[in-house]
Number of protein chains: 6
Amino acid sequence: MATLGLIEYADASPEVRAVYDDIMAMREIDWINNFWKALANDPATLKRTWADMKQIMAPGALDPLTKELIYVAVSVTNQCGYGIVSHTAWARKQGMTDDMFRELMAVVGMVNETNRLVAGYQVEIDPQFKV
Amino acid sequence: MATLGLIEYADASPEVRAVYDDIMAMREIDWINNFWKALANDPATLKRTWADMKQIMAPGALDPLTKELIYVAVSVTNQCGYGIVSHTAWARKQGMTDDMFRELMAVVGMVNETNRLVAGYQVEIDPQFKV
Amino acid sequence: MATLGLIEYADASPEVRAVYDDIMAMREIDWINNFWKALANDPATLKRTWADMKQIMAPGALDPLTKELIYVAVSVTNQCGYGIVSHTAWARKQGMTDDMFRELMAVVGMVNETNRLVAGYQVEIDPQFKV
Amino acid sequence: MATLGLIEYADASPEVRAVYDDIMAMREIDWINNFWKALANDPATLKRTWADMKQIMAPGALDPLTKELIYVAVSVTNQCGYGIVSHTAWARKQGMTDDMFRELMAVVGMVNETNRLVAGYQVEIDPQFKV
Amino acid sequence: MATLGLIEYADASPEVRAVYDDIMAMREIDWINNFWKALANDPATLKRTWADMKQIMAPGALDPLTKELIYVAVSVTNQCGYGIVSHTAWARKQGMTDDMFRELMAVVGMVNETNRLVAGYQVEIDPQFKV
Amino acid sequence: MATLGLIEYADASPEVRAVYDDIMAMREIDWINNFWKALANDPATLKRTWADMKQIMAPGALDPLTKELIYVAVSVTNQCGYGIVSHTAWARKQGMTDDMFRELMAVVGMVNETNRLVAGYQVEIDPQFKV
């Protein structure tokens, strides 16, 4: 029921297969999840999005686990079911324990609460923060 | 212009001062930011919110810096100016470098993009994720 | 700095003035707030939006104060500064006390939190609710 | 499982049927989609919403296809499954090709990304834009 | 499919059972809905969230029905299916009639519209509101 | 007050200047807006974001004006002040008239309303849409 359908490996062009191969190699898995199969209907977007993700999620000043936790946090805030499920899985693969997940949820919930308290009480930014 | 005004330390009840003292002790600062001064108009909410924040942001399976990064990520997603400014400051106090900030922004931006690609392409959750 | 500017009463067409007059009469005030002056750049939208608001906010199964509280709750959730400020004022005019405002904020904050806990924990709807 | 159920044509009041007839005539279809059948539980809202939609989506300075593309863009941003599915269908009926859909998704995704980069980097509005 | 599963009463620790018992007593029901069973995977969050909800949703300056209406309004704005279904049920238990529900929906829909008109037309806050 | 400051042309590295030059050439302007000056603190993100924007906003199946209208629609839905102001300006440069802007606002407002009516009434997707 994906809008333009899903492109399976067997039916993919060489250009799309190259991205699929890279995804499987990077993630050390032997299957492609539906997000990429849906994007493959637009090879330009598939290639760009994967290139961006590879660059952005690579180890850097932040480690891959921290990045996956942030991925889940934002997906939960946006209430994107697919993002939550898939990146909870990837986060676990990067080492997220159940205790980490519990604390992640607690933080995400609280920030969504305090962001609205700030708005409703019309809290102005303190001059001390404007450095 | 805060809806109910801001309660300064000098004007606060002993109950509110006790929270203010705890906040300053925990954060090792000698001032109270406007969020708490605004909430102090509702001492029950002030006490509850601070107690929750202390419990949730304490070191645990996730370290305080990681929690602050998540705080910023969610505030950016919600576009809450106050949360962004204040917790960018707290995150820096916990050790966030400029490089960490840059990577944090890149991740948050990308997730907000991919969450919508998922929605628009109507991507169904893969059975592999439903373990 | 409103995108298309603000249409003052003195400069308004008879059609727009009729709406302005009705707004002032309904709200028992002698001025027009900027929202309507901005919409007046599109008389069709001005007339439609005011007609909708009059119909929707009128006393019915819910009283006007309850409707204003809901207005504020949604505006806070969307973090719409203008909606928060203006409808906090209208809510007060309908009888909202400071204590009501405090409780309203507490509820709105909490729901924004629990909505995300539901998403993150992937809570399925109980069959009991599907009646 | 719609909250108040769905009102089928056969069970509808003359007032509701009149709206249904108009919807089918305008869209050149012989069925009513669930959105309207759900709203029919509140005839005032049904009539108002349909009247608004007819006025707003009519050809004007923007053509109906452009309006449908915007409808999809907003629904995707809000992650409203029903809005995405139904207006992707109406957009196709108005002439949206698969290529248009692909480009629409790319734009919507990117804006959701850049909107957060703006927030996180706390970008101030340039004086040049404040004309 | 809840991320960490659901904790049934029979399998719950005494600490979790105490919360479950309190929930059932307060709501005068003999079952626990999935939200709490999911949170029970993190007893600290379960206890904190229930304590907060009890305090916040208790009768005060606002009556319990009004609070439930606000709960539904925010959940609808966030498009949180679970929150909508469950609190529509609790609201009905508190006395929400179908007519109240209809008016609630009309208000919530309209505010989501006007919040965006305000943003798009860049409406500045009137000095009269800044008291 | 931008988090990491703004990088002016005179202070930019050759790598950043190359992007700035390309932006000015593409947009036929002789200044750089703050968004890019803020992103320039992270040259990798600057280059990636500009490359993406160039690719995505280029004429294709959708013309540049339509893409700018979509940009504004999403920014309004997200209530991103910077995105609204800047892309309203770019849209005008691409030919958006005031009448187009008025209709754009009307559509965006309405979709935000109907997306919530769908959620609140729990409208299920019609089988006819699941082709």
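Between A:L117, A:L62, A:L46, the Gaussian network model of chain A with springs among Cα atoms under 10 angstrom shows the greatest mean-square fluctuation at A:L117. Only protein heavy atoms count here, probed at 1.4 Å, and on that basis chains B and A bury about 5800 Å² of accessible area in total. State which entries of A:K130/F:K37; A:K93/B:K130; B:K47/E:K130 exceed 23 angstrom in Cα-Cα distance in the structure shown. The pairs that break the limit, which is 23 Å between Cα atoms, are B:K47/E:K130. Peptide A:86-92 shows a mean partner chain C-beta count of 3 within 10 Å per residue C-beta. Modelled this way, with points 7 Å down the Cα-to-C-beta line, the labels at B:D98 and B:A51 are 4.3 nm from one another. Per-residue shielding of A:5-12, expressed as the average number of other chain Cβ atoms within 10 Å of the residue Cβ, stands at 1.
Placing +1 on each Lys and Arg Cβ and -1 on each Asp and Glu Cβ, with no other charges, gives region A:88-131 a dipole about its Cα centre of roughly 200 debye.
Across chain F, the mean sequence separation of Cα contacts (distance under 8 Å, 6 or more residues apart), normalised by length, yields a relative contact order of 17 percent.
In terms of Cα atoms, the Rg and Dmax of the protein assembly as shown work out to 25.2, 72 Å. Couplings 3J(HN,Hα) of region A:81-94, computed from phi: x, 5, x, 5, 5, 5, 7, 5, 5, 5, 4, 4, 4, 7 Hz, in residue order, whole Hz [Karplus 6.51 cos²θ - 1.76 cosθ + 1.60, θ = phi - 60°; x for Gly and Pro]. Within the accessible surface of region F:51-109, defined with a 1.4 Å probe on protein heavy atoms only, the carbon and sulfur portion equals 51 percent.
How big is the dipole moment of the protein assembly as shown about its Cα centre under a simple scheme where the beta carbon of each Lys and Arg is +1, that of each Asp and Glu is -1, and everything else is neutral? Debye, nearest 20, please.
That gives a dipole near 0 debye.
By the gyration tensor of its Cα atoms, with a ≥ b ≥ c the square roots of the eigenvalues, what is the shape of chain F: rounded for a/c under 1.5, prolate for a/b over b/c, or oblate? Judged from the Cα gyration tensor, chain F comes out prolate (a/c at least 1.5, a/b above b/c). For chain C, the solvent-accessible area works out to 35 Å² per residue, with a probe of 1.4 Å and every protein chain left in place.
Rounded to the nearest 20, the Cβ-based charge dipole of region D:15-54 about its Cα centre (Lys and Arg +1, Asp and Glu -1) stands at 100 debye.
The values are calculated or read from the model by the stated rules, or taken from the named source; none is laboratory data. All values reported here derive from a predicted model rather than from experimental measurement. Because the Cβ atoms are built from the backbone with ideal geometry, glycine has one as well, and the counts that use them run over all protein chains shown. Please note that ligands, DNA and RNA were not included when accessible areas were found on the heavy atoms of the full protein model with its side chains. Shrake-Rupley method; radii C 1.70, N 1.55, O 1.52, S 1.80 Å.
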